[in-house]
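One structure is given below, encoded as structure tokens.
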Amino acid sequence: MPHRKGCNIIFTLIEQTSIVLILVAVILLMASVWSWTIIIQKTISFRLVRHQVRKFDKIFLSDISLDELYKMVKERSKGPSSLVFATGWAEWEKSKSEKGGSTAGVSSRIERSVDIIIMKEQEKLSYGLAFLATVGSTAPFVGLLGTVWGIKNAFEEIAISQNTNLAIVAPGIAEALVATALGLFAAIPALIFYNKLSVDLDRIVRTLEIFADELSTEFSRELDS
């Protein structure tokens with residue numbers, strides 16, 4: 001049957017392929033699958049975060065008071081902007097309960113608390129991007145290792161058989177070139193999406209930093225009043 005013949009051909013090719021080439025192919029395929037998993041997860045996650053940030057910014061810039069906004073956040077806190085606001089408000093409440101203390105000191109504590117939260121959110125959102133960078137930079141070399149090894153085996157077959165006929169070495173060279181193709185197949189998407197997701201992350205963090213500045217301004221007005 002054609003299906004059985006196809007399986008036999010595949011098993012024959014695997015048996016004839018060097019263990020190093022098989023190991024290289026498995027590593028590159030696993031790296032590619034894991035990279036695409038990170039890419040899809042981060043794309044969805046970043047899109048959700050951007051939507052949450054835009055939605056919260058609209059509420060913050062409306063006529064709603066900070067007290068009402070905090071009650072709203074406390075009931076249904078979603079997104080990093082809500083977390084930044086809640087952190088700043090918590091420090092604000094602590095500062096109000098304290099007796100004495102300069103305005104500059106209160107503002108400084110609020111800013112530090114908010115900056116820490118932004119850094120934590122940045123670290124959480126950036127998880128997995130380092131793996132994409134690693135795959136993008138190393139996968140071509142892993143594929144090249146498989147190619148060099150396959151070509152070495154092809155030349156060894158020439159030496160053993162004492163025959164330079166292309167039909168003898170062509171399968172080995174083809175297997176070697178497949179390793180390079182797999183390396184590029186894993187590296188190119190990982191590198192492209194690493195750059196894209198890094199830019200998206202920088203924009204999200206920049207938006208949070210701008211919001212933190214706006215929040216500090218609001219708290220300063222409250223302190224002055």
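I want to confirm something. Restricting to segment 193-225 and keeping residues that are closer than 30 Å to residue 29 by Cβ and touching a residue at least 24 places away in the same chain (Cβ under 8 Å), which single residue is surrounded by the most Cβ atoms within 10 Å (Cβ to Cβ)? Applying the filter and picking the extreme gives 194. For segment 24-52, a residue qualifies if it is open to solvent by less than 30 Å² (accessible area, probe 1.4 Å), at pLDDT 90 or above and among the β-branched types (Val, Ile, Thr), and the qualifying residues are 38, 39, 49. Residue under question is residue 176, and the condition is that it be among the hydrophobic types (A, V, I, L, M, F, W, C), under 16 Å from residue 24 (Cβ atoms) and modelled with pLDDT under 85; does it hold? So residue 176 fits the description; yes.
Exactly one residue out of 57, 63 is part of a helix (DSSP H, G or I), at pLDDT below 90 and out of contact with any strand residue (DSSP E or B) (no Cβ under 7 Å at 6 or more places or on another chain): that is 57. The residues of segment 110-133 that are outside any helix (DSSP H, G or I) and open to solvent by 80 Å² or more (accessible area, probe 1.4 Å) amount to a single one, 127.
The values are calculated or read from the model by the stated rules, or taken from the named source; none is laboratory data. As the structure is a prediction and not an experimental result, all values here were calculated from the model. Because the Cβ atoms are built from the backbone with ideal geometry, glycine has one as well, and the counts that use them run over all protein chains shown. For the accessible areas, the whole protein counts, side chains as well, though only heavy atoms, and no ligand, DNA or RNA atoms are used. Shrake-Rupley method; radii C 1.70, N 1.55, O 1.52, S 1.80 Å.
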